[in-house]
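The block underneath contains the structure these notes are about, expressed in structure tokens.
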Ligand code: PGA
């Protein structure tokens with residue numbers, strides 16, 4: 001059985017004061033047993049969040065890591081080894097905002113994925129199509145290419161300690177959510193692509209859905225057979241809403 005995972009991606013939001021408030025709200029949540037919960041604050045608040053959530057079963061992750069695993073001369077970047085050192089256990093790679101705004105390509109994404117794994121962090125590989133790609137009927141082709149490039153570079157074995165997040169770009173921060181059946185189709189294709197290399201790894205890998213997940217839409221999405229939880233942006237900045245989404249993954 002795959003253990004559901006709900007991860008909150010705070011993106012570039014927060015101040016010390018608002019993060020302190022959010023930590024307070026998260027500490028008060030009653031979280032379902034059997035669901036893994038994580039939050040991913042901006043890098044500079046990771047310490048504050050790790051300390052603030054001490055003793056609460058919420059993991060802390062990062063939103064990005066450098067292509068090099070070890071610390072060194074790479075101005076402005078943060079190494080996966082440094083993230084592990086401050087208490088992170090997972091890290092997003094290939095989020096569409098980084099692919100689109102910063103031009104991160106598949107090769108860079110694979111290097112970050114490898115760097116994360118080499119430091120014991122679980123990479124959460126984000127894949128997803130734009131609206132134009134969906135309308136052109138290219139969804140499975142685009143997602144297949146993004147996933148395939150990591151499989152090709154690192155081998156399917158790299159997914160034994162990894163998570164995939166399907167996030168249609170048109171659903172991110174827009175209030176539009178893929179319908180459960182629409183998302184399930186892509187999730188099943190992702191699992192089938194991995195199964196073609198290793199049935200065992202495909203069975204074990206968790207595939208999250210992301211894109212305007214709210215408490216109201218979460219239960220139907222998480223009820224689909226290949227949707228193993230969510231990657232939550234906007235709604236994760238509200239502790240109560242986030243808690244409700246986590247509970248939906250437990251039911
Ligand atoms: P959203 O973001 O929930 O605000 O749409 C999801 C994400 O980008 O991870």
Largest first and rounded to whole Å, the semi-axes √(5λ) derived from the alpha carbon gyration tensor of the chain read 25, 22, 17
Test of understanding: express the Cα radius of gyration of segment 1-89 as a ratio to 2.2 N^0.38 Å, with N the residue count. 1.14
Tell me what the chain gives for mean residue ellipticity at 222 nm when only DSSP H runs of n ≥ 4 count, each as -39,500 (n - 2.57), the sum divided by the residue total, rounded to 500 deg cm²/dmol. -12500 deg cm²/dmol
Please report the orientation-averaged projected area of segment 143-246, defined via the convex hull of its C-alpha atoms, in nm². 6.3
Here the Cα Rg-to-2.2 N^0.38 Å ratio for segment 49-160 is 1.14
In whole angstrom, note down how far apart the Cα centers of segment 157-228 and segment 35-64 are. 22
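Can you work out the FRET efficiency for the pair residue 74 and residue 24, with r the C-beta to C-beta distance and R0 = 45 Å, to the nearest 0.05?
Once the sixth-power term is evaluated, E becomes 0.80.
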Between residue 57 and residue 153, what is the label-point separation in nm under the 7 Å Cα-to-beta-carbon projection? 3.4
FRET efficiency estimate (nearest 0.05) - Cβ-Cβ, residue 132 to residue 188, R0 25 angstrom: 0.60
Kirkwood Rh, segment 139-201, all Cα pairs: how many Å? 12.6
Most mobile listed residue (90, 125, 140) in the chain, GNM with C-alpha springs under 10 Å: 140
Evaluate E = 1/(1 + (r/R0)^6) for residue 47 and residue 100, where r is the Cβ-Cβ distance and R0 equals 35 Å; express this FRET efficiency to the nearest 0.05. 0.75
Across 87, 128, 34, the residue with the highest GNM fluctuation in the chain (Cα network, 10 Å cutoff) is 34
Give me the Debye-computed log₁₀ of I(q)/I(0) at q = 0.19 Å⁻¹ for segment 109-176, equal point scatterers on Cα only, no solvent, two decimals. -0.75
Which value in nm describes the separation of the simple spin-label points at residue 203 and residue 216, placed 7 Å from the Cα toward the beta carbon? 3.9
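None of the figures in this text is laboratory data; all of them are computed from the coordinates on show. Computed from a prediction, not measured in an experiment: that's the story for all the values here. Here Cβ is always computed from backbone atoms with ideal geometry, including for glycine, and neighbour counts include all displayed protein chains.
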